[in-house]
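What follows is one structure encoded as C-alpha cells, with my remarks underneath.
Coordinate-derived values only; no laboratory data. What you see is a predicted model, and the numbers here were worked out from it, not measured in a lab. With ideal geometry, Cβ positions are generated from the backbone for all residues, glycine too; neighbour counts draw on all protein chains shown.
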Amino acid sequence: HVDVIVTAGLSNSRAAGADADYFALEDEGSDEKRLGTINTVVITDASLTSAALVEAYAIAIEAKCGACADMGVCCAKNPTSLAQGTGTDCCVFLSPSGKGKDFNVVKHAGKHTLFAEMVGQAVREATSEAIMINIRHLYGNYAIYTIRRWVRKFAAALKGARPCIPPR
C-alpha cells in the first residue's frame, strides 16, 4: 500500500544546472522573498531495506520531475527550460522499520518492480494535481498559465544567451 501527500508552490521553479542565486557556502540570512516548494511525503505499510529506500526515493524524485514536465513548469531563471522542481524541494518516506511476519519487506525498488510502479504512479499523480491546484490559484485556469508561459519563453528567447559568469 502506498499513499502520497504533495504540496506544490512554483515561484521557485528550477531546472537542474540553472544559474545560482546564492554563492556563499553558508547561509547569510533569510531570503525576504516568499519561495515556493514541492514537498512530497510517501507513506507505505511496507518495510524497506536500505537499498529499496534509496531506489524508491529516486523513483519518487523522477516521478516529481515527470509531473513538472507533464504540466509544462518552466524554470524561473530561464523560461526556455523546463523545471524539474524547485530549489527547495523535499521528499520524505514513512515506512515501518521492523522485520518479521507482520511486515511486508521490500528488498529492491528499481523501475522494474511493482513497488516502484506504485510509488511512481502515486507521486506523479499527486504532484500533477498539486501543481494544477497551484496554477488554478495563481492564474485562474491552465489556459491562462500556458499563454503566460509562452510569452515568457518568447521574451526570454528575444534576450538571447546569457553568460555563465556569476554577477559581481
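Numerical summary
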quantity	calculated
Between segment 83-160 and segment 41-57, the Cα center-to-center distance that results, in Å	17
Note, ³J(HN,Hα) from phi for segment 130-140, Karplus 6.51, -1.76, 1.60, rounded to Hz, x at Gly and Pro	5, 5, 5, 4, 5, 4, 4, 5, 7, 10, x
Cβ-based net charge around Asn141, under 14 Å, with every Lys or Arg adding one and every Asp or Glu removing one	+3
Residue pairs, from the table Lys111/Lys153; Lys64/Lys111; Lys64/Lys107, whose Cα atoms sit over 25 Å apart	Lys111/Lys153
